[in-house]
Amino acid sequence: MNPSSPASGDPGPAATSINLRLAVVNWRDPWHPAAGGAERYAWELARRFAGQGARVQYVTCRAPGQKRRERVEDVEFVRLGGRFTVYPLVLLWLLARRIRRKGSFDAVVDCQNGIPFFTPWVLPRRVPVFCVIHHVHDAQFDLYFPRWLAWLGQMLEGPVSRWTYRRHAFVVVSPSTLRAVRERLGWTGPAHVIPNGTSVADPGGGASEPAGDPDLVCVTRLVPHKRLGLLLDLAQRLAENRPGLRLHIVGDGPEAPALAAGIAERGLDGVVIAHGYLAEDAKAALVARADLHLSTSQGEGWGLSVIEAAALGVPTVAHDVEGLRDAVRDGITGWLVRDGDDQADVVERALKELDDPARREEIAGSCRAWGGEFDWTRTAERMRDLLLAAVRTGDSSRTTGRPSTRRPEVP
């Protein structure tokens, strides 16, 4: 997925009707300039539930120029407030609906992006809530906020969330996130692993032949925890021995000016190409031509761009950190940079393996098979089963449903 663009496509068959009123509450919507994987996840659920007969309201913040209300693919968007004010405004909106008896929701999908919306505070106790967590942010708060505000974020993410959702359930996107919510947030309640999907089409055919001068690509939001400086360090090192190497960076975000300045200061013009936002087709074509996809993030809930690259037959080199160690199958669909490893050495080793046409074909096939394990329709079906079971019993904390914590394996 391009970090700023919602993918379009068939939302899948409506095998089971969902005659429910659902609220999907997320910090941003997929058209927000800073949208990423969390927005893609919420949108793919919302559009599929609406396609199966549910009345879905996607409640979120409002970027400049966005409409306060609109309907897209039968999903009603309600946009309230900005980066921080959205949180109290969502609670006031839900409380006002309850007081005015405008129709209560049967269930709520409450998406946590650092901190959740704490929707159980204003909902009737019988309304089940599933709190979706992509990754634990505790250490990341210090990258974005002064110490006192980072401490407040950590308290809200940890102790306050544990108390608020104690009668409800967590949904996490990977085994790494499951471990993190248990070990770092102290969550002891029910948690279901429902991974991301992918809608990137398998182009078919074999892997491309090595072209001589390698093309590397990184699809990412341009934010501090993605550690863009490491990408520039890597490009500078590799270009010393491979002057024809190109590193393409796709995505936008608040770090875009710093990235442009870093490229200029290091003399990497023509070596590192910052594309900014690209339309979905253009982004997929660029990734499909690459030898390697890279990630220097310090931690992810999963690594959606890794799986989308894999679906195109392109392996990833990433650091051995939360989420990415789940998305990359080391030595099979990519390579992990472990503690003590030199990132440039790992990339050089990967490129040498890919110079062998047979090995390149083997890796591309494994990547496509791995990417094919993940599908948004299956993701939505798993969440749907949890929602329906919780509504039947009136209790999300006792729901078992179909989802499991098993990591999908390539057949």
*In the stretch 261-283, what count of residues is obtained for those that are part of a helix (DSSP H, G or I) and among the β-branched types (Val, Ile, Thr)?*
1
*Looking at the stretch 250-283, which of the residues that are touching a Ser or Thr at 6+ places or on another chain (Cβ under 7 Å) and of a type outside the set (Phe, Trp, Tyr) is surrounded by the most Cβ atoms within 10 Å (Cβ to Cβ)?*
GLY251
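Residues checked against (1) of a type in the set (Ser, Thr, Tyr); (2) within 19 Å of VAL24 (Cβ to Cβ); (3) in a strand (DSSP E or B):
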residue	(1), (2), (3)
VAL56	no, yes, yes
GLY65	no, no, no
VAL78	no, yes, yes
PRO88	no, yes, no
ALA96	no, yes, no
ILE99	no, no, no
VAL127	no, yes, no
GLN154	no, no, no
*Test TRP376 against the criterion of being closer than 19 Å to LEU304 by Cα and free of Cβ contacts under 8 Å to residues at least 60 places away in the same chain, and give yes or no.*
no
*For the stretch 211-227, state whether one or more residues are surrounded by 18 or more Cβ atoms within 10 Å (Cβ to Cβ), within 24 Å of ARG48 (Cβ to Cβ), of a type outside the set (Lys, Arg) and at pLDDT below 80.*
no
*Could you please tell me which pairs satisfy a Cβ distance under 8 Å, a separation of 6+ or placement on different chains, a first residue in the stretch 69-96 that is closer than 21 Å to ILE18 by Cα, and a second residue that is assigned to a helix (DSSP H, G or I) and of a type in the set (Lys, Arg)?*
VAL72/ARG47; GLU73/ARG47; ASP74/ARG47; VAL75/ARG47
*Restricting the stretch 389-411 to residues that are out of contact with any helix residue (DSSP H, G or I) (no Cβ under 8 Å at 6 or more places or on another chain), of a type in the set (S, T, N, Q) and farther than 21 Å from ASN19 by Cα, which is modelled with the lowest pLDDT?*
SER404
*Would you confirm whether any residue within the stretch 160-183 is modelled with pLDDT under 90, over 25 Å from GLY303 (Cβ atoms) and surrounded by fewer than 16 Cβ atoms within 10 Å (Cβ to Cβ)?*
no
*Give the number of residues within the stretch 100-137 that are touching a helix residue (DSSP H, G or I) at 6+ places or on another chain (Cβ under 8 Å) and on the phi > 0 side of the Ramachandran plot.*
3
_Criterion first (buried (at least 22 other Cβ atoms within 10 Å of the Cβ) and of a type in the set (S, T, N, Q)) does THR119 satisfy it?_
yes
*From the residues in the stretch 296-341 that are out of contact with any strand residue (DSSP E or B) (no Cβ under 6 Å at 6 or more places or on another chain) and of a type in the set (A, V, I, L, M), which one is farthest from GLU362 (Cα to Cα)?*
VAL321
*Which ranges mark the helices (runs of 4 or more DSSP H) fully within the stretch 284-388 that have 3 or more residues being surrounded by 20 or more Cβ atoms within 10 Å (Cβ to Cβ) and touching a helix residue (DSSP H, G or I) at 6+ places or on another chain (Cβ under 6 Å)?*
304-311, 357-371
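Tally time: how many residues in the stretch 129-152 are touching a Pro at 6+ places or on another chain (Cβ under 9 Å) and closer than 17 Å to ASN26 by Cβ? It would help to see each step written out before you state the result.
Pass one, the stretch 129-152, residues touching a Pro at 6+ places or on another chain (Cβ under 9 Å): 129, 131-133, 140, 143-144.
Imposing the further condition that a residue be closer than 17 Å to ASN26 by Cβ reduces the set to 129, 131-133.
Summing the residues that are touching a Pro at 6+ places or on another chain (Cβ under 9 Å) and closer than 17 Å to ASN26 by Cβ in the stretch 129-152 gives 4.
Could you identify the single residue in GLY189, GLY197 that is in a loop (DSSP other than H, G, I, E, B) and surrounded by fewer than 18 Cβ atoms within 10 Å (Cβ to Cβ)? So that I can check it myself, show each step before the final result.
On the way: GLY197 fails: surrounded by fewer than 18 Cβ atoms within 10 Å (Cβ to Cβ).
After applying the criteria, what remains is GLY189.
The values are calculated or read from the model by the stated rules, or taken from the named source; none is laboratory data. All figures in this text were calculated on a predicted structure; none of them were measured in a lab. Cβ coordinates were reconstructed from backbone atoms using ideal geometry, including for glycine residues, and neighbour counts include every protein chain displayed.
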